[in-house]
Each structure stands twice: as C-alpha cells, then as structure tokens.
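Below you'll find the structure, written out as structure tokens, and then a few comments.
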Amino acid sequence: WHDLFDTRLVAPRLLQAAPNADFDIRAKFQGTYSGTFTMQGLIAQQTFKDFVRVDVYRSGSTRRVYAATFVNGTATTRLDAPVTIGTSTSPDVFLRLKRVGDQFTVYWSADGTTWTSAGSFNHPTVISAVGTWTGSHSGNGTTSQPMTGIVDYFETSTAPLVASAVRTTVSS
C-alpha cells in the first residue's frame, strides 16, 4: 500500500517549504487510475503526521474528490464528493486548495480555468510545506493496484507559473 491514511503514512510526497500564511495551491494531474483506490493530490503539511490531504481517487467506475486532516497521524475525513470529469480512468484533473486563516476550500476542474467547489472545512494548523502526492490501496487489505502519478504543473499563489510547466512522474 502507498497511502496517506491513519497508520499507513507511506505514500510518496513531493514538498516545498511554504510560509504559514494564507495560500492558494493548484496542480494539474495526469495518469491512468488503474484500479479502485488509486489516487493523486495536494498536501499542506505541518509535520510528517500533521497535514491536510486533498486528492482525486477512483472508486469503482467513478472518481471522487477526498479531503482529510491529520493530527498526530490520525485522520478525520472532511469531504468525499463525486467528480464529473470524463470517466473514472480518463487522466486529466486539476485540483486547488485554498487556505484563508483556518478555513480550507477544495476545488476541482476539467480545464484549470473553471473551478467547482467540492467543499470547505476549518482546521487550525501551522503549515511548513506544500506539494503533491500519489498513492494507492486495495480497500480490503489485499495487494493494491499500481498508480503512476503525473504532475503536469504545481503552483502556489506566492510563486505562480511564469514559464512552461514541468512534468514530474512518481510511481507508487
């Protein structure tokens, strides 16, 4: 398993330092969601066990946006909503996480221009890093499906993209 949930904090994360302030982070993800519970998304981290996780994952024949907060490695689900972008295996999805004070709002998009809110939640935290992550798990304790996450771009409100996007691939 390569997951970020409770005691399974073993998914690869690509992080950059971030000030503990309001932010707006966005990323474009590609990749084939090859099995149930294959996922990729954004992370805003205080410590290794204290963070906010936002992702798109495959559940059967649909994709869903999921968000959870973690305190000392224990997860609290904040939202779990369907995403109406193509099919469960179509690759492109844009995610956005906006923080204002202790309020976090999650958005998804099919084109990176028109954003749909998946919901908001309050979570007091001190953020030290933001970035992306990729993961997979089986949901039933058996071997998980492989997942290759492809990040076409990642940007923050304090460091928006100026030049061409850079693609990063991480396999879990």
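Laboratory data are not the source of any read-out in this text; all were calculated from the coordinates shown. Everything numeric here is computed off the predicted structure, so don't read it as measured data. Here the Cβ positions follow ideal geometry from the backbone for every residue, glycine too, while neighbour counts run over all protein chains shown.
Extension gain, LEU9 to GLU155, is 50.2 nm, computed as 0.36 nm per intervening residue step minus the present C-alpha separation. For the pair ASP22 and ASP92, label points projected 7 Å from Cα toward Cβ lie 3.1 nm apart. Net length available on complete extension from ASP80 to ALA110 is 9.0 nm, with 0.36 nm assigned per residue and the Cα-Cα distance removed.
Each Lys or Arg adds one and each Asp or Glu takes one away; over the other residues whose Cβ falls under 11 Å from the Cβ of VAL65, this sums to +2.
Each label was represented as a point 7 Å from its Cα along the Cα-to-Cβ direction; for ASN72 and ASN122 these points are 2.2 nm apart.
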